[in-house]
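Trainee: Once you've had a glance at the structure underneath, I'll fire off some questions.
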């Protein structure tokens, strides 16, 4: 038994004619008949009975055809998947990101990428950068977007962009009239700080410490987004990363440039050991284009 014999059998069964089967397969009628005869000898039973100028399948042929159809459907599915893999439109991808980028950027990137790839499936995980690096190292995530580089040998880190911190204030705050807020402008003001577990907190604190500018630390917030709730309630001012600032949902909060420049690095984290799917490479390329456009407005 070979594939060509099965193709001839499937073509005769589906068209009901040796002649039409030959036309479908682009071979002669005698060639079809020869393939069917070979297939019958292999099976050990007759597949077709002649009824005048027509042929009719035997009951054995009908039973065999059911299995052949399953095989044909399976082969067609394999071909579709192979085509989709080649065209970078099929597969499953797990993307991890630190909370701000997971809320603000990754959904828009995934939506846009999926529009032309209906067979692509995504899982998006929000986690802090160190947990994200561990997830990529353990291959629980295909790629990650982090604010710190990976410190494990299983991953490689690519610096994508350096983004400028932003100052956020209530719209009624007197400083809201300024286009750029200097650190000295915030001296003695109620300040909403990031929590000590947030690595960005150290960079912001260092600016004020180096300049010896006192702040009135009223609240520590676990995530950048939480600071917006307090600022919207006019309970203080804050300095946050630009990705969180771009995700501002509060009309009462205004966003201003902050001086001196505080950088928030954005890193791509990927595993070293495993060759990525074409889909992964296509997604990374799409994501980098999106982030480059964002960074052009917020680069340090």
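Every read-out reported here was derived from the displayed coordinates using simple, explicitly stated rules and does not represent laboratory data. Keep in mind that what you see is a predicted model, and the values were worked out from it rather than measured. A quick note on method: Cβ atoms are made from the backbone with ideal geometry, for glycine too, and the neighbour counts reach across all protein chains shown.
Trainee: Rank-order 134-143, 114-123 by packing density, defined as the average count of other C-beta atoms within 10 Å over each peptide's residues, highest first.
Mentor: Ranking, from highest mean packing down: 134-143, 114-123.
Trainee: Which of rounded, prolate or oblate describes segment 184-241 when judged by the alpha-carbon gyration tensor and an a/c cut-off of 1.5? Working shown, then result.
Mentor: Numbers: a/c = 2.16, a/b = 1.18, b/c = 1.82.
Here segment 184-241 falls in the oblate category.
Trainee: Sorting check: for 55-65, 219-229, 257-267, 170-180, which peptide has the highest mean count of neighbouring beta carbons within 10 Å, and how do the rest follow?
Mentor: Most protected by this proxy first, the peptides run 219-229, 257-267, 55-65, 170-180.
Trainee: Another question, if that's okay. Taking the structure as given and computing semi-axes √(5λ) of the Cα gyration tensor in Å, which label from (1) 67, 18, 14; (2) 27, 23, 19; (3) 38, 21, 18 fits?
Mentor: Read-out taken from this structure: (1).
Trainee: Using helices alone, I'd like the mean residue ellipticity at 222 nm for the chain: each DSSP H run of four-plus residues gives -39500 (n - 2.57), total over residue count, nearest 500. Before the final figure, lay out the partial values.
Mentor: Numbers: 11 runs with 135 residues, N = 300.
After summing the helix terms and dividing by residue count, I get -14000 deg cm²/dmol.
Trainee: Could the peptides 202-212, 146-156, 235-245 be put in order, highest first, of the mean number of other beta-carbon atoms found within 10 Å of their residues? Walk me through the numbers on the way to the answer.
Mentor: Values: 202-212: 14.1, 146-156: 18.1, 235-245: 25.8.
The peptides rank, most packed first, as 235-245, 146-156, 202-212.
Trainee: Taking 51 Å as R0, compute the FRET efficiency from the Cβ-Cβ separation of residue 49 and residue 272 and round it to 0.05.
Mentor: Between residue 49 and residue 272 the formula returns 0.20.
Trainee: Measuring from centroid to centroid over Cα atoms, what is the spacing of segment 126-161 and segment 177-242 in Å?
Mentor: If we compute the Cα centre of each part, the gap is 27 Å.
Trainee: Here's a follow-up. Please check: in the Gaussian network model of the chain (C-alpha springs, under 10 Å), which one of 273, 92, 232 has the largest mean-square fluctuation.
Mentor: 273
Trainee: Rounded, prolate or oblate: which one fits segment 175-300, using the alpha carbon gyration tensor with axes a ≥ b ≥ c (rounded when a/c is under 1.5, else prolate when a/b beats b/c, else oblate)? Could you put the intermediate results ahead of the total?
Mentor: Working: a/c = 2.21, a/b = 1.96, b/c = 1.12.
Prolate is the answer for segment 175-300, as a/c is 1.5 or above and a/b outweighs b/c.
Trainee: So how tilted is helix 199-210 from the main axis of the chain? Cα-based, degrees 0 to 90, rounded to 10.
Mentor: Once rounded, one gets 20 degrees.
Trainee: Once fully extended, how much extra length lies between residue 38 and residue 156, figured as 0.36 nm per residue of separation less the alpha-carbon to alpha-carbon distance?
Mentor: The residue 38-residue 156 span can extend by a further 36.8 nm.
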